[in-house]
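Only one structure is covered here, and it is reproduced in the block below.
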Amino acid sequence: MAESRETILERFREKVAAGLPIVGGGAGTGLSAKCEEAGGIDLIVIYNSGRFRMAGRGSLAGLMPYGNANAIVKEMAYEVLTAVSRTPVVAGVCATDPFLILDHFLGELKALGFAGIQNFPTVGLIDGVFRANLEETGMGFDREIECIRRAHELDLLTTPYAFDPDQARALTEAGADVIVAHMGLTTKGSIGATTARSLDDCVAEIGAILDAARSARPDVFVLCHGGPIAMPEDARYILDRVDGLDGFYGASSMERLPTEEAIARQTRDFMNLRLRRTRDERG
């Protein structure tokens, strides 16, 4: 059984009171989850983009019609939930799926052992006319807010992405426990974005999201995520400049980037080995 929501939140409160950041991470494989737990992570989140990301495809594949996002997260549960023993795991829910029977699905996730949910895939990453049309035809961000409200009523931990202050306020009013200020697709690495905000832009935007969330409920946790906040030094830059920020959540930062670097480095080290003697020298 998953830990209770209140037990998790109490642990988060103790960490922040001790001056330690809350750190969450995405896992697209059981090995990623196992390694994150070994590193002491506070929270693991799984959703369909993790599977695409660890297959070498961009995370935005999770927003495309390449599979049923909610079915995929249930499939991933059997791999990830069995790989960890003590870390709470949160499931990404595509709340805008018009065929989703929400309360039934949330109950299934809880029964599987998930501690809570996050709103992913999210229309928050979509803009322009397409986003406007989604909002106009019943597949907008309000569905994600309602999903957080319903999950909160089921006593599930809720850690939604917010892309602007209004969303942060509305999600907090719906009962969100942790607001994750999303700064866009993560940069760096072989499949990272190149179009992104600067870190200083993120400082101002995260600060505005934090203030809006805390205006709705002072005890809500706020983490930063995405865009140029890709490596530990990036997260440190933000944490040092946004007063009241509680931590960092990484997806590509926690599994894709470390995997790319470690495998490439290990392969280069093997490729740099040399034989004691060439075949000609051996006769």
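Couple of notes before you dig in:
- Toward the positive end of the charge dipole of the chain, with +1 on the Cβ of Lys and Arg and -1 on the Cβ of Asp and Glu, the farthest Cα among Gly107, Ala55, Ser252 is that of Ala55.
- Taking the average, over residues, of other Cβ atoms within 10 Å as the packing measure, peptides 201-210, 116-125 rank 116-125, 201-210 from highest down.
- Gaussian network model of the chain, springs between alpha carbon atoms under 10 Å - residue of Tyr237, Tyr78, Tyr66 with greatest fluctuation: Tyr66
- Amide proton proximity set for Val45, modelled H, under 5 Å, gap of 5+: Gly25, Gly26, Ala27, Val90
- Ranking Met231, Cys147, Ala17 by how far each Cα lies toward the positive end of the dipole of the chain (charges on Cβ) leaves Met231 at the top.
- Only helices enter the 222 nm calculation for the chain: every DSSP H run of n ≥ 4 contributes -39,500 (n - 2.57), and dividing by all residues gives -13500 deg cm²/dmol, rounded to 500.
- Ligands, DNA and RNA left out, the accessible area of the chain computed with a 1.4 Å probe is 55% carbon and sulfur.
- Solvent-accessible area per residue in the chain equals 48 Å², computed with a 1.4 angstrom probe and all protein chains kept.
- Distance cut-off 19 Å, percentage of C-alpha pairs in the range 3-64 lying past it: 43 percent
- Backbone phi angles across the range 101-106, fed through the Karplus curve with coefficients 6.51, -1.76 and 1.60 (θ = phi - 60°), yield HN-Hα couplings of 8, 4, 4, 5, 5, 4 Hz in residue order; Gly and Pro are listed as x.
- J(HN,Hα) series, the range 132-142, from Karplus relation 6.51 cos²θ - 1.76 cosθ + 1.60, nearest Hz, glycine and proline x: 4, 5, 4, 5, 6, 10, x, 10, x, 5, 4
- Sequence-ordered 3J(HN,Hα) estimates for the range 36-41 from the Karplus curve with 6.51, -1.76 and 1.60 and θ = phi - 60° stand at 5, 5, 4, x, x, 4 Hz, glycine and proline given as x.
- Gain on full stretching of the segment that runs from Ala17 to Leu134 - 0.36 nm per residue minus C-alpha separation: 38.0 nm
- A simple count of charges around Ala170, restricted to other residues whose Cβ falls under 11 Å of its Cβ and scoring Lys, Arg +1 and Asp, Glu -1, yields -4.
- Projected label points at Arg282 and Leu102, each 7 Å from Cα along the beta carbon direction, are separated by 6.8 nanometres.
- Peptide packing: for 144-152, 47-55, 214-222, the average count of neighbouring Cβ atoms within 10 Å per residue gives the ranking 47-55, 144-152, 214-222, highest mean first.
- Averaging 1/r across all pairs of distinct Cα atoms in the range 127-283 and inverting the result yields a Kirkwood radius of 17.9 Å.
- Interchain or long-range residues, amide H under 5 Å from Val180's placed H: Tyr161, Ala162, Leu223
- Close Lys pairs in the chain (alpha-carbon distance under 26 Å; sequence gap of 8 or more, or different chains): 6.
- Relative contact order (percent, whole number), the chain, Cα cutoff 8 Å, 6+ residue spacing: 18 percent
- Met271 exposes around 140 Å² of accessible area when a 1.4 Å probe is run over every protein chain in place.
- Using every pair of separate Cα atoms, the Kirkwood estimate puts the hydrodynamic radius of the chain at 19.4 angstrom.
The values are calculated or read from the model by the stated rules, or taken from the named source; none is laboratory data. What you are looking at is a predicted structure, and each value in this text was computed from that prediction instead of being measured. Virtual Cβ from ideal backbone geometry, glycine too; neighbours counted across all protein chains shown. Just the protein is used for accessible areas: all its heavy atoms, side chains included, with ligands, DNA and RNA removed. Shrake-Rupley method; radii C 1.70, N 1.55, O 1.52, S 1.80 Å.
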